Each structure stands twice: as structure tokens, then as C-alpha cells.
Amino acid sequence: MKINVAKAKQQIGGVFPFDYTVTSEKLGLDSDTTWRKSQIVVSGEFVNNGQKIEVRGLIQSSGIFTCSRCLEDISIDLKIPFLESFFEEGVKVDDEDIVVYTDDEIEIDDLIREYLILAEPINPVCNTDCHGLCAICGTNLNTATCTCDTKPPDPRLAVLSELLTPKQNKE
């Protein structure tokens, strides 16, 4: 999406709202299944503070993630605030990490894509009580139980476990 900042350049301190809805394909996230079926809603405002245009707002979307414990698909709603400063091309600034714009338009699709990717949870869980999978048989412990012995034996008592196994005749 391009934001036209022609009016903001003429009116220092003026607040100009914007909002739009975009798809993941438009943002270049079409290969990412996380955002494939969701609408991405962006709303915010931009302000000319005399030296730069500040764009701030909120990105709202829901993504399909995989629970890191039980591997089930889950939908998580995200609300991601953003703030970015844009300088007109040709303005000299000491900071090397500046974002510039040309003419009277600011393209914010890259900004939205970056914030979405950075906001993805590292270890999403379906709920805080998720029991995950059995480490031995792979059963989803949220939906079923298994009879696997999940407690590792104490190595100091390993000799005693031999008493529980039947002895074979040594004849």
C-alpha cells in the first residue's frame, strides 16, 4: 500500500489516518502457510513532525501455527503495533538505518511484512495445559493416554532392575 503524504508535507503536526485490508499474497507471504487464509487489516496514522514522516498503527490478523508441544494446528490472533520514521530522499541524517521515500508516496507493504514475520511466536502452544506428545510412542496426550513408562530409571538402582527380570536356566 502506498500512503500519499503530499498534504502532510505541507501541514506540520497534522494527523492523517489510514486503513486498508491486504492479503498475504500481496505482501509476498504466499509461500508461508501461516498467513495464507487470513485477512491482514492495517490501520494507523501518519504525522509530519517537520523533519520526518512518522507512520504508526496496528496490524491485526490471525495466523495458523503448529503447537510446539502436540503438533496440532492452532489459530492465533495477533495485534501488532508498529512505528516507523520516513525521511524524504536527499535529507542528510547521521543514522545509517533510515528509511527514505521519494516523491509524495510511502510504500508500507515491506514494513507490514517485516512486522508480521517478527511477531510470529517462537514456540506457540494450543493452551497452557497442553501435555504434548509421548516421547516413546508419539500419542497425543491431550486426546489419549498411553501406558509407556516415561520415568527414566535411576542409574544407581539399575542393578536392582535385574531382580525383576526372570532368570534363565543356565544348564
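The values are calculated or read from the model by the stated rules, or taken from the named source; none is laboratory data. Everything numeric here is computed off the predicted structure, so don't read it as measured data. Please note: Cβ atoms are built from the backbone with ideal geometry, for glycine as well, and neighbour counts cover all protein chains shown. We work out accessible area using only protein heavy atoms, side chains counted, and drop any ligands, DNA or RNA first. Shrake-Rupley method; radii C 1.70, N 1.55, O 1.52, S 1.80 Å.
Restricting region 99-128 to residues that are part of a helix (DSSP H, G or I) and out of contact with any strand residue (DSSP E or B) (no Cβ under 7 Å at 6 or more places or on another chain), the residue that is surrounded by the fewest Cβ atoms within 10 Å (Cβ to Cβ) is 118. Scanning region 102-125 turns up at least one residue that is at pLDDT below 90 and hydroxyl-bearing (Ser, Thr, Tyr). Against the test of being touching a Pro at 6+ places or on another chain (Cβ under 6 Å), under 18 Å from residue 17 (Cα atoms), of a type outside the set (S, T, N, Q) and modelled with pLDDT of 90 or more, the options 58, 83 yield a single qualifying residue, 58. What residue, among those in region 10-56 that are in contact with an Asp or Glu (Cβ under 7 Å, 6 or more places away or on another chain) and among the β-branched types (Val, Ile, Thr), is most open to solvent (accessible area, probe 1.4 Å)? Among those residues, the one meeting the criterion is 15.
Scanning region 129-171 for residues that are open to solvent by less than 80 Å² (accessible area, probe 1.4 Å), modelled with pLDDT of 75 or more and not in a loop (DSSP other than H, G, I, E, B) yields 133, 140. One residue alone among 38, 43, 61 is part of a loop (DSSP other than H, G, I, E, B) and either under 21 Å from residue 118 (Cβ atoms) or in contact with a His (Cβ under 6 Å, 6 or more places away or on another chain) (or both), and that residue is 38.
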